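Each value in this text was obtained by applying a stated rule to the coordinates, not by laboratory testing. Just so we're clear, the structure is a prediction, and the values are computed from it rather than from any experiment. Cβ coordinates were reconstructed from backbone atoms using ideal geometry, including for glycine residues, and neighbour counts include every protein chain displayed.
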Amino acid sequence: MGRKAIAIIMDCVFCKIADGTIPSKKVYEDDKMLAFYDIEPAAPVHIVMIPKEHIASVDALSEENSDVIAHIFSKASEIARTVGLKNGYRITTNCGPDGGQTVFHIHFHLMGGKTLGKMA
Ligand code: 5GP
Ligand code: ZN
């Protein structure tokens, strides 16, 4: 890994949450992923699901690094149940500036707790 890539990861809020440097309210964790409450919820229940490995966004996914995405989705319904989402939920990911991405470590918003409106 190059120095630039290492510098990006050292600055990455979600890498710091994954390694415990920044505390979070965790709802699920295993060796590959972490799910925690969003600090600025956009819905009554708003969880963020991340791989522990730093992947910048959907744009950075490939055949080599994408198994963890299936893993995250395989745990989503269990996580939704854990936080009491019994009537459905929405999973979204923002990619790049036009997609509204603010943290450049791929993540999936798991939101619910009310009937959500139409998408953008
Ligand atoms: P994005 O805008 O990139 O799709 O989503 C980033 C999300 O991360 C936002 O919903 C924001 O509130 C959340 N977030 C940013 N920093 C922190 C933090 O330090 N802790 C937690 N729990 N959530 C964060
Ligand atoms: Zn990261």
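Things to note:
- Scope segment 25-48; condition without any contact (Cβ under 8 Å) to a residue 24 or more places away in the chain and among the β-branched types (Val, Ile, Thr); matching residues: Ile39
- Of all residues in segment 63-113 being hydroxyl-bearing (Ser, Thr, Tyr) and exposed (fewer than 11 other Cβ atoms within 10 Å of the Cβ), the one that is nearest to Lys52 (Cα to Cα): Ser74
- Some residue of segment 19-36 being part of a loop (DSSP other than H, G, I, E, B) and under 30 Å from Gly117 (Cβ atoms): yes
- Taking segment 39-58 as the range and being surrounded by 15 or more Cβ atoms within 10 Å (Cβ to Cβ), more than 16 Å from ligand 2 (Cβ to nearest atom) and either assigned to a loop (DSSP other than H, G, I, E, B) or of a type in the set (Lys, Arg) (or both) as the test, only Ala43 passes.
- Residue count for segment 89-120 under the criterion of being more than 16 Å from Ser77 (Cα to Cα), among the β-branched types (Val, Ile, Thr) and under 15 Å from the mean Cα position of the chain (by Cα): the result is 4.
- Under the condition of being within 16 Å of ligand 2 (Cβ to nearest atom) and polar (S, T, N, Q), the residues counted in segment 80-118 number 4.
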